[in-house]
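Single-structure report; data block below.
The values are calculated or read from the model by the stated rules, or taken from the named source; none is laboratory data. Because the structure is predicted, anything quoted here is derived from the model rather than measured. Cβ placement follows ideal geometry from the backbone for every residue including glycine, while neighbour counts extend to all protein chains displayed.
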Amino acid sequence: MPQFISKLQRNTYEKGEFSDEQPRNLDETIQLIKDFPWDLERPLTDIQLTGPSVTIQDAELNYLKLGLYFGGKFCVYYLDKDNQIIYIITTLLILSLRKSSLLISSIRH
């Protein structure tokens, strides 16, 4: 099973500041996402790329960032190795990790 680097960003952190950065397998990464204190981070949070989030990096330097959005929703940011960014606002997120690539399936609202 592939390993990915994952790390946390909290609402009290400065831009570019992360914690708990380490390689994790799929199950550990999913558990990290589930254990992140989303509800505690939501109040008074600026909705932006550098807000509270879980960031996942693959071996090719592509990034998937799960962050907070308005109205109880989440924003999924995908930054590819060429620094092109795509974001999706979602209430449901399914992560599939295959052949060391990050794939996103989501239901958009």
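Just to check your reading of the model, which residue among I94, I89 is touching a Cys at 6+ places or on another chain (Cβ under 7 Å), at pLDDT below 80 and more than 23 Å from E14 (Cα to Cα)? Matching residue, one of I94, I89: I89. Here the condition is being over 12 Å from the mean Cα position of the chain (by Cα) and either of a type in the set (A, V, I, L, M) or at pLDDT 85 or above (or both); of L40, L32, L49, it holds for L40 alone. If you scan the stretch 30-49, which residues turn out to be among the polar types (S, T, N, Q) and more than 18 Å from I88 (Cβ to Cβ)? Correct list: Q31, T45. With the requirement that a residue be of a type in the set (F, W, Y), surrounded by fewer than 17 Cβ atoms within 10 Å (Cβ to Cβ) and more than 17 Å from D58 (Cα to Cα), what does the stretch 4-48 give you? Across the stretch 4-48, the qualifying residue is only Y13.
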